[in-house]
1. Across region 19-62, which residue is farthest from Leu116 (Cα to Cα) among those that are among the hydroxyl-bearing types (Ser, Thr, Tyr) and modelled with pLDDT of 95 or more?
2. Confirm whether Arg297 is part of a helix (DSSP H, G or I), charged (D, E, K, R) and exposed (fewer than 15 other Cβ atoms within 10 Å of the Cβ).
3. Those residues that are surrounded by 17 or more Cβ atoms within 10 Å (Cβ to Cβ) and either in a helix (DSSP H, G or I) or touching a Phe, Trp or Tyr at 6+ places or on another chain (Cβ under 7 Å) (or both), I need them from region 359-379; list them, please.
4. Restricting the search to region 264-292, which residues are outside any loop (DSSP other than H, G, I, E, B), surrounded by fewer than 17 Cβ atoms within 10 Å (Cβ to Cβ) and either modelled with pLDDT under 95 or outside the structural domain of Glu371 (by TED's automatic domain parsing) (or both)?
5. Would you mind finding the one in Phe261, Phe302 that is modelled with pLDDT of 95 or more and either closer than 24 Å to Trp246 by Cβ or outside any helix (DSSP H, G or I) (or both)?
6. Taking the condition among the basic types (Lys, Arg) and part of a helix (DSSP H, G or I), does Lys355 pass?
7. Could you say which residue among Ile342, Ile324, Ile330 is out of contact with any Pro (no Cβ under 8 Å at 6 or more places or on another chain), among the β-branched types (Val, Ile, Thr) and over 19 Å from Gly263 (Cβ atoms)?
8. Inside region 18-132, counting only helices (runs of 4 or more DSSP H) that do not spill past its ends, which hold 3 or more residues that are crowded, with 20+ Cβ neighbours inside 10 Å, assigned by TED's automatic domain parsing to the domain that holds Thr5 and touching a residue at least 60 places away in the same chain (Cβ under 8 Å)?
Amino acid sequence: MRPMTTKTEHCHLNSDLTLHDRTTTPLPIHAVALALTIQDDELIECRLTFQVNPELYEHIETEALFNLKPEVRNPLSPREFLPEPDIKIETTLKPDLLPRLAGHATNIDEAANYILNLSQEQPDDPLLSTENWLALSVKQLQESGEAGYRTLWDYISPAALAQAATSGSSEEISEVIVNFFKDWTEANLSEATQKATSQMLERITNFFKDLADVNLDEQVEILQQNISKSTQIFEEMVNFFKEDEWPFVQIEANQILEMVFHGENGEWKCYAQAREEEKQFVFYSLCPVKVPKRKRRAVGEFMSRANYGMIIGNFELDFTDGEIRYKTSIDVEGDRLTSALIRQLVDANVTMMDKYLPGINLVIDGEASPEDAIAQIES
């Protein structure tokens, strides 16, 4: 059996094009590129890339044109779109419309001319409907970097989407959804509760059923179980700090929360981390001062004396950069993390940092030996 041959043809465009939305309202865009992917002489994908100004994009987003539903987006960065410059959107034609295009074009140039001519001659043609295009990515190039997001449709190969539309095959579709949700939960951890992800999953699978008549019930049940397992600790952690009114921010793409604690002897950053695979919760207080190189041995002795007899948690000193932190943690393998357990670890942690911080400063400033500093603190 000979191997399949796949090729992609590209065409640069610099043309105004008018599409129409579900209510046949004209939507003027500036087309910049067209691409066709052909597999064994069969058209399996058509991509159209265009630019719009931020004002028009706001209309596209509000109306969820090009199937830009909120549940199918994965942010590329936390940056917001600016009032300028233009926003670039890459889309792919729905599989059931590909034969219609292939019937009028045998190569990339013919396809480009046909679509551009439709805009002038047959403005109501289905190929010009925003409903028949799936947005793959939405990006804006800013001075500080690229803002935007990619969508669920960018995770699936055109061949798989076409196959699902014709045969109802769900194997690769379910794998795509799993990969999408893995990235989504990493980018949206503070929102990735079991309820939120399950609701999103339901909306996405319903869309696939409408698009390709794919039955994903079994895969959905398995994925929902995995979602529950993969966010249990983080969800409990987020709920605790929200209910206890700790202002916090999420460290991008990690199950870590950053916050600030104000003690009697100073203020410092704290980090709460969920280690889902290991079934562990960890909380750190980061000492507000770093130890100069010449004082690290003395502070190391102070840490050792402080740690001796500690029941919950311990001090850690990084001899490379002089960072000090206090760590408390718990392993909940075979059990579940609760707010009561989190509170015990957090309270013990910040109490110890606040208690020993004056001693750390005494040793760094050379006002007391490690032994004398511990004696002053623990007396």
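The values are calculated or read from the model by the stated rules, or taken from the named source; none is laboratory data. These numbers come from a predicted model, not from an experiment. Because the Cβ atoms are built from the backbone with ideal geometry, glycine has one as well, and the counts that use them run over all protein chains shown.
1. Filtering region 19-62 for residues that are among the hydroxyl-bearing types (Ser, Thr, Tyr) and modelled with pLDDT of 95 or more, the one farthest from Leu116 (Cα to Cα) comes out as Tyr57.
2. yes
3. Answer for region 359-379, where residues must be surrounded by 17 or more Cβ atoms within 10 Å (Cβ to Cβ) and either in a helix (DSSP H, G or I) or touching a Phe, Trp or Tyr at 6+ places or on another chain (Cβ under 7 Å) (or both): Gly359, Ile360, Asn361, Leu362, Val363, Ile364, Pro370, Ala373, Ile374, Ile377.
4. Once the filter is applied, which keeps residues that are outside any loop (DSSP other than H, G, I, E, B), surrounded by fewer than 17 Cβ atoms within 10 Å (Cβ to Cβ) and either modelled with pLDDT under 95 or outside the structural domain of Glu371 (by TED's automatic domain parsing) (or both), region 264-292 yields Arg275, Gln280.
5. From the options Phe261, Phe302, the qualifying one is Phe261.
6. yes
7. Going through Ile342, Ile324, Ile330 in turn, just one is out of contact with any Pro (no Cβ under 8 Å at 6 or more places or on another chain), among the β-branched types (Val, Ile, Thr) and over 19 Å from Gly263 (Cβ atoms): Ile330.
8. Of the helices (runs of 4 or more DSSP H) lying wholly inside region 18-132, those with at least 3 residues that are crowded, with 20+ Cβ neighbours inside 10 Å, assigned by TED's automatic domain parsing to the domain that holds Thr5 and touching a residue at least 60 places away in the same chain (Cβ under 8 Å) span 108-121.
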